[in-house]
Amino acid sequence: MNEQIKIAGVASPRQGARDGVRTELSVFLKVKPGHEKQIRAVFSDPSNDLERARAAMVDVGTLHDARQVLFDNDTRMLIATSFDGDWDVYIDDFARTSILKIWDKFLVHCEGYPDEGARPFSQFEIKEFLTAHQVTAAAFVGRYSETTVKEVLKALRVQGSFQKLLDEASN
């Protein structure tokens, strides 16, 4: 599972499964023993609101969805995302946004993630950490596999504008 990562924009050896323009990322981590309550507290903290998480997703620009799942009695965690395009570009986009600051709050409770004194990670180190724990999905299927996030957002804007015109015309 710990495959070497190539530097300088060369494709990572741990690509996620693809479906059309979309790629998946599945990362399995071990929760540090005794950190189960802290990691649950991070996920239930009201200051980690959905609007802030959505704003961070918008900053990435290609991210369709993200989820974190605790399992095996809170001893393991799955981080799963789907995004448009290539893995390295996604991770670079991801690393330049506020998502890493948000994720840092729970990743610090996972084995292999550096404690506060050893941070921050560089983009290369973030890629290495995620890649070391990544498993390519055996199956990955999306309903709109040929539609990018930008296309979805554009279609929603057009739909909103069209609906506004219809509403104005009926008044």
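Since every read-out is calculated from the coordinates, none of them should be taken as a lab result. Predicted model only: the values in this text are computed from it and were never measured. Neighbour counts run over all protein chains shown; Cβ positions are idealised from the backbone, glycine included.
Quick look at the numbers
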item	result
222 nm mean residue ellipticity, helices alone, for the chain (DSSP H n ≥ 4; -39,500 (n - 2.57); rounded to 500)	-12500 deg cm²/dmol
Length added when fully stretched, LYS30-ARG76, from 0.36 nm per residue minus Cα-Cα	16.1 nm
Entry for percent of Cα pairs over 21 Å apart (calculated from the structure that is shown) out of (i) 50; (ii) 46; (iii) 54	(iii)
Residues listed by number, segment 50-70, amide nitrogen under 17 Å from GLN163 label point at 7 Å toward C-beta	none
Hits among lysines - C-alpha to C-alpha of LYS30 under 21 Å, sequence gap 8 or more where chains match	LYS101, LYS105, LYS127
Gained length - PHE43 relative to ASP86, 0.36 nm times residue gap less alpha-carbon distance	12.7 nm
